[in-house]
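Here is the structure we will look at.
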Amino acid sequence: MPTLEVVKTSEDILVESYASQPSSMRIAIVTETYPPEVNGVAMTMGRIVEGLLRRGHAVQVVRPRQSREAVAAPPEGLDEVLAKGVPLPAYGELRLGLPSTNRLTSLWRERRPDIVHVVTEGPLGWSAVVAARKLQLPVTSSFHTNFQIYSQHYGISLLKMPIEAYLRKLHNRTQATMVPTNAMVRELRARGYQNVTLLSRGVATEQFHPEHRSQALRAEWGVGPDDLVVLLVGRLAKEKNVGLVVSAFRAIQTQLPSARLVLVGDGPLRKALEESCPEVHFAGIRKGQDLAAHYASADLFLFPSMTETFGNVVPEAMASGLALVSYDNAAAGELIVSGENGLLVPNGDDLAFVSAAVGLATNPAQIAQFRRTATASVANRSWDTVYDRFAEILRTVLQAQGCMFSPAPQERLPHPHARPLL
């Protein structure tokens, strides 16, 4: 393993440098969220970086250091640049990167990547686009979060149009904007976004599988082998429409008093929910095989969010063998054939959602059918395909720009004390 070298500059930027590995591309990825954070964007980018490293690419990740994050050596071949940040409004657990155009320009001028990929649209992401264009570096982006829709949930709906204009301007300054569903490709194009291309999501079927069902875990939840467990996995926040899950569950309870609702995740609504819903089991944040067991040990998954660009929890729940009820959007709209491997409800129709949830909860034969067909329908959604597609998009942009791939770099990165990042 390479030796970790750390320096803190006068700008309070932490730089961690590692030896480069032979690769076909040198890729700089700029993101405001990344593991160890727990959310769909962080998980997706963590997996993509792992896949790129395994394929021999050299990757640099520029991101804010999150609060209480310990210093740890990343995988060999990964160069991390950790920048100063501030708490993200309404997401206090994450930190927003500060503007860093000059720092990124200096960083990439001294050691030029082949291409820059911007994951999030905060000040750090905008700085990356500006720096890349200044250096005439090809730059691509991802559209992961509907921030313009989130605004209506946090009392800033008047900012919806300015936010949309900002997002469109940022993405249109890149050579490709990657989105996870065909519906999102069509929607963004209709909203004036250019160079939009599909990059779907995979599911770790080796992790999420019905075989991880645990009667011991169900016993901890206070349910028997034949009792119904309703599950939601995600951030407990307004934009996730958690209240509708509670309403649907209470309607289910009128028919099945022994049913149990399990909420996996954390967020700003947790305290209020614990006070108003003492009958609900709050499992908190779960990871790895523990998360897989929580999925597989439930029966019915409710997904009422309408703010997702994808929703990784949907294929995870399907791979785990759960019957699903979801609004007809994002991942659910592409993966579920209503009546065959789950149920889809028209967007925004709360009564129809509750009705569908109660109807499915009280139909054990249909639950059993969906549990079988859901698992089979996502069995071939490999993350390997996603990694290869990501690299293919970057190569296409590079070729369109007339750029040649860098030769396999063998030199060590400059010693941080010899070149502070100012």
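The values are calculated or read from the model by the stated rules, or taken from the named source; none is laboratory data. Values in this document were obtained by computation on a predicted structure and should not be read as measured data. Don't worry about glycine lacking a Cβ; one is built from the backbone with ideal geometry, like all the others, and counts go over all protein chains shown. Note: accessible area is taken over every heavy atom of the protein model, side chains too, but ligands, DNA and RNA are not part of it. Shrake-Rupley method; radii C 1.70, N 1.55, O 1.52, S 1.80 Å.
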State, to one decimal in nm, how far the label point of Ala272 lies from the label point of Ala190, with both points 7 Å from Cα in the Cβ direction. 3.1
Cα-based shape type of the range 351-397, given that a ≥ b ≥ c are square roots of the gyration tensor eigenvalues and the cut on a/c is 1.5: oblate
Given a 1.4 Å probe and the protein chains all in place, what does the accessible area of His209 round to, in Å² to the nearest 10? 70
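Which of rounded, prolate, oblate describes the range 167-239, given a ≥ b ≥ c as roots of the alpha-carbon gyration tensor eigenvalues and a/c under 1.5 marking rounded, otherwise prolate only if a/b is larger than b/c? Spell out each step's value before the answer.
Working: a/c = 4.09, a/b = 2.72, b/c = 1.50.
Prolate, since a/c reaches 1.5 and a/b exceeds b/c.
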Sort out for me the Cα centre separation of the range 325-367 from the range 264-284, rounded to whole Å. 24
Can you tell me the length gained on complete extension of the stretch Lys134 to His281, counting 0.36 nm per residue apart and subtracting the Cα distance? 47.7 nm
Which FRET efficiency value, to the nearest 0.05, do you get for Asp290 and Ala352 by plugging their Cβ-Cβ distance into 1/(1 + (r/R0)^6) with R0 = 30 Å? 0.35
Using the beta-carbon distance between Glu220 and Glu392 and R0 = 41 Å, what value does 1/(1 + (r/R0)^6) give for FRET efficiency, to the nearest 0.05? 0.35
Amide hydrogen neighbours beyond the local backbone of Leu261, cut-off 5 Å, H modeled: Val230, His281
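Glu340 to Gln401: FRET efficiency via 1/(1 + (r/R0)^6), r the Cβ-Cβ distance, R0 51 Å, to the nearest 0.05?
Between Glu340 and Gln401 the formula returns 0.70.
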Note, ³J(HN,Hα) from phi for the range 344-353, Karplus 6.51, -1.76, 1.60, rounded to Hz, x at Gly and Pro: 10, 10, x, 4, x, 8, 4, 5, 5, 5
What's the extension gain from Ser382 to Thr362 if we count 0.36 nm per residue and subtract their Cα-Cα distance? 3.9 nm
Please give the contour-minus-distance gain from Arg55 to Ser106: 0.36 nm per residue of separation, less the Cα-Cα distance, rounded to one decimal in nm. 15.6 nm
In the range 152-248, what trypsin sites (Lys or Arg not before Pro) fall in a loop by DSSP, with at most 15 other Cβ atoms inside 10 Å? Arg191
For Trp108, solvent-accessible area (1.4 Å; no DNA, RNA or ligand), Å²: 0
If one puts a single equal scatterer on every Cα of the range 223-366 and applies the Debye formula without solvent, what log₁₀ I(q)/I(0) results at q = 0.15, 0.16, 0.18, 0.20 Å⁻¹? -0.68, -0.78, -1.03, -1.33
Rounding to the nearest 20 debye, state how big the charge dipole of the range 239-321 is about its Cα centre with +1 on each Lys and Arg Cβ and -1 on each Asp and Glu Cβ. 60
